[in-house]
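The structure appears right after this line, and notes come after that.
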Amino acid sequence: MFGGGGMNPRKMKQMMKQMGIDVTELDAEEVVIKTGDEELVFSDAQVTRMDAQGQETYQIVGEPETRELGAGDDGGDESAEAADAIPADDVAIVAQRAGVPEDEAREALEAEDGDLAAAIARLE
């Protein structure tokens, strides 16, 4: 439609500014797009953000590497992160107040998204 092949880049920027379009280059190290069954990983991609009347659009230029969904994860990290997300002090408080072992207190806290009062109520 517009092509832009023969248009002066300076003139193009000026026209975009007149139309209210702001273009920004982002210094992205990696871009990951997750689909239902795979991930597209762009390393050293050129990423441009265009803001036109409050609507942001991102353009990614580069060659993606395709990998299976979750292939970049170690698998066991998620449970370790969940365990780390609940402070040991909270587990001790819930265990003491409810009179249960710490593993049960941790399970109750995880089920209640870290809410101490709800975890204690759940165990009583």
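The values are calculated or read from the model by the stated rules, or taken from the named source; none is laboratory data. Note that the coordinates shown come from a computational prediction; the quantities given were computed from them, not determined experimentally. No Cβ is skipped: glycine too gets one built from the backbone with ideal geometry, and neighbour counts run over all protein chains shown. All accessible areas refer to the heavy atoms of the entire protein, side chains included, with ligands and DNA or RNA removed. Shrake-Rupley method; radii C 1.70, N 1.55, O 1.52, S 1.80 Å.
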> Of (1) open to solvent by 80 Å² or more (accessible area, probe 1.4 Å); (2) more than 18 Å from the chain's Cα centre (by Cα); (3) at pLDDT 85 or above; (4) farther than 30 Å from Leu123 by Cβ, Met50 satisfies all except one. Which?
Replying inline: (1)
> Could you list, in sequence order, the residues of segment 97-122 that are over 26 Å from the mean Cα position of the chain (by Cα) and open to solvent by less than 50 Å² (accessible area, probe 1.4 Å)?
Replying inline: Ala98, Val100, Ala105, Ala108, Ala118, Ala119, Ile120
>> When you scan segment 61-68, do you find a residue that is open to solvent by 60 Å² or more (accessible area, probe 1.4 Å), assigned to a loop (DSSP other than H, G, I, E, B), modelled with pLDDT of 90 or more and within 29 Å of Leu40 (Cβ to Cβ), even just one?
In response: yes
>> Step by step: first the residues of segment 69-100, then only those that are assigned to a helix (DSSP H, G or I), of a type in the set (D, E, K, R) and at pLDDT below 75, then the one that is farthest from Glu110 (Cα to Cα). Which residue is that?
In response: Asp77
> From the set of residues in segment 12-30 that are part of a strand (DSSP E or B) and closer than 14 Å to Gln53 by Cα, which is least open to solvent (accessible area, probe 1.4 Å)?
Replying inline: Ile21
